[in-house]
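*Asks:* Okay, here's the structure, questions in a sec.
Where a number appears in this text, it was derived from the coordinates with a stated rule and is not lab data. Predicted model, so just to flag it, every value in this text is computed and none were measured. So basically every Cβ, Gly included, is an ideal-geometry build from the backbone, and we count neighbours across all protein chains shown.
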Amino acid sequence: MRLFSSAWPVMSTAVCLGLSACGPTVQSFVLPDFETVRHEELKHPARLVPVKVEANYESNGKSDEGSSRQLKADVENVLRHSKVMLPTTDPAVKASITVTAENSYDPTQARAAGIKAGISLGYNGQQVIDRYKFTVVYRDESGEDRLGHYDHEFHTAIGKVTPPERAALVEPGSAFYAVVQDVMLKFLYDLQAVDNIDVPIMFVPDSDKKL
């Protein structure tokens, strides 16, 4: 199961060292502190804006080609459902969106959490956090850029745990997509909010909330 959590492989390996059989209960939680935007809050133009999509996923500073492909697919899926933009590979289209997801986690903490969960046979539940910094750049047909920065995160838990307060339980394989969806819908919302402002670049402040 690919969780798109860089911390999870480290944690699960440590769990297996402490268990005779590797079958731990895995859960993922996306915290609600991010300023989420619903699809119905977006303005839906009569003609969807065609855009080319590029994506890059980095884990602790190292590029991950497989996860970059998944990030691109997730971004394109969110855009299709947004009813605002339409991903395309048409070379004649000049508009583009480039998304960079920088994942950071503590491998030492992930390994220690896995060992604790393994030794306790899962009764001592543990959690690890995958933190993300997203940079989204939209370049319109005239060549002008709009830039957004967003912080988000999700928790991967193993064994018996108490969920983080107000956290939304999601399928482990869906946690990353939930984060990408939050980020892209927020970017589209922010983009529409300044659409009529004649400035070359839009800066969206990083979230200062503790997740």
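*Asks:* Determine the sum of side-chain charges near residue 96: Lys and Arg each +1, Asp and Glu each -1, restricted to other residues whose C-beta is under 13 angstrom from that of residue 96.
*Replies:* Net of charged neighbours comes to -2.
*Asks:* Hey, quick one: spin label on residue 102, modelled 7 Å out along Cα-Cβ, who in the stretch 30-56 has an amide N within reach, i.e. under 18 Å?
*Replies:* Residues 55-56 qualify, since their backbone N sits under 18 Å from the label point.
*Asks:* Can you give the Rg/Rh ratio of the stretch 33-90, where Rg is from the C-alpha atoms and Rh is the Kirkwood radius?
*Replies:* Ratio of gyration radius to Kirkwood radius: 1.06.
*Asks:* Suppose R0 equals 22 Å. What FRET efficiency, 1/(1 + (r/R0)^6) with r the Cβ-Cβ distance, do residue 93 and residue 40 give to the nearest 0.05?
*Replies:* About 0.25, to the nearest 0.05.
*Asks:* Could you give the nm distance between label points at residue 145 and residue 65, where each point is 7 Å from its Cα heading toward the beta carbon?
*Replies:* Distance between the two pseudo-spin positions: 2.6 nm.
*Asks:* Counting Lys +1, Arg +1, Asp -1, Glu -1, what net charge surrounds residue 76 among other residues with beta carbon under 15 Å of its beta carbon?
*Replies:* +2
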